1. Being in contact with a Pro (Cβ under 9 Å, 6 or more places away or on another chain), under 30 Å from residue 57 (Cα atoms) and not acidic (Asp, Glu), is that true of even one residue in the range 178-187?
2. Name, by its number, the condition in (1) out of contact with any Phe, Trp or Tyr (no Cβ under 9 Å at 6 or more places or on another chain); (2) in the same structural domain as residue 83 (by TED's automatic domain parsing) that does not hold for residue 150.
3. Quick test for you: out of 53, 66, 104, pick the one residue that is without any contact (Cβ under 8 Å) to a residue 24 or more places away in the chain and surrounded by 20 or more Cβ atoms within 10 Å (Cβ to Cβ).
4. Kindly provide the set of residues from the range 82-101 that are touching a residue at least 40 places away in the same chain (Cβ under 8 Å) and of a type in the set (A, V, I, L, M), ordered by number.
5. Residue check, residue 141 against (1) surrounded by fewer than 18 Cβ atoms within 10 Å (Cβ to Cβ); (2) out of contact with any Phe, Trp or Tyr (no Cβ under 6 Å at 6 or more places or on another chain), all met but one. Which one?
6. Take the range 179-223 and flag every residue that is assigned to a strand (DSSP E or B) and surrounded by fewer than 19 Cβ atoms within 10 Å (Cβ to Cβ).
7. May I ask you to verify whether residue 158 is of a type in the set (A, V, I, L, M, F, W, C), over 17 Å from residue 18 (Cβ atoms) and either crowded, with 19+ Cβ neighbours inside 10 Å or free of Cβ contacts under 8 Å to residues at least 12 places away in the same chain (or both)?
8. Here are 208, 217, 230: which of them is over 14 Å from the mean Cα position of the chain (by Cα) and basic (Lys, Arg)?
Amino acid sequence: MISEKKLISFSNQLIKTISKKTFLNLKNIRFKTKKDFQIDPVTKIDIEMEKLIRKLIKSKFGNHNIIGEELKNEVKSSDFTWVIDPIDGTKNFILNLPMWSNLIGLYFKKTPIFSFANFPILKKTYIGLQKYTFLKHKNKSIKLRSNQKTTPKKMKLAINTLHSLRNNKVNRFILNYKGFFKVTGSDAYNFCSIAEGRLDALIESGLKQVDILPIIKIVESSGAIITNWKGYKNFSEGKVLVAGNKKIHKYLLNKINN
């Protein structure tokens, strides 16, 4: 198994290298096609960022598998697999909103062992290890814990986009919910906010595997829970339910399914 010390050292290298790249500039945005722009925009920077991240992984973990959003998968005979979303929140990036991030996860066989969510504009990096999650910000490292005390009546609830409202049960629940609610458009920052205890629940759909898999350890090692809408770990349909504690998770599962 890879030591936490080595993973933290690699995280620092990622942060330092990404922060120096001059291609993180809105002038360099190029879209594949008009259709891509409307549905799922891919920029030149997405591709360049993934090349950079892959290069760094190969320099330290040359025999590992790599799965990425923009480039071909590199599958070897290793039990270790990296999952990359080079720029999560490309629309936020295009609109000059700061909540876009670099998402990187490491799996041993099918088990997540490391998560990395780096927000270059916010200068915040969330890292999930085997037993704890921490935030690197302003030269400080802060261990995080999701809100274990809040109740369904007091929870702060979010959806990222209106996509989730296409489900009739979710739609009815959200439209009748009387508590604190927000449509955020914050992408991966929602997951990290739950780990930080600032947000208590997220209901989202229409996500890709690379939107979810890299961030699992940040959620779970903070004490929060992440499943699909049925309460299982199968995310193939792109539906996620994230809750800061078991009470909220159980409550929302019941609302979504009954």
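The values are calculated or read from the model by the stated rules, or taken from the named source; none is laboratory data. Here the structure is a predicted model, which is why all the values come from computation and not from measurement. Ideal geometry is used to build each Cβ from the backbone, glycine not excepted, and the neighbour counts take in all protein chains shown.
1. For the range 178-187, residues in contact with a Pro (Cβ under 9 Å, 6 or more places away or on another chain), under 30 Å from residue 57 (Cα atoms) and not acidic (Asp, Glu): absent.
2. Failing condition for residue 150: (2).
3. The unique qualifying residue is 66.
4. 83, 84, 87, 94, 97, 99
5. It fails just one condition, (2).
6. Initially, the range 179-223 is screened for residues assigned to a strand (DSSP E or B), giving 180-183, 201-204.
Hits for the range 179-223 are 180, 181, 182, 183.
7. Judged against the criteria, residue 158 is a match.
8. Details: 208 fails: over 14 Å from the mean Cα position of the chain (by Cα); 217 fails: over 14 Å from the mean Cα position of the chain (by Cα).
Testing whether each residue is over 14 Å from the mean Cα position of the chain (by Cα) and basic (Lys, Arg) leaves just 230.
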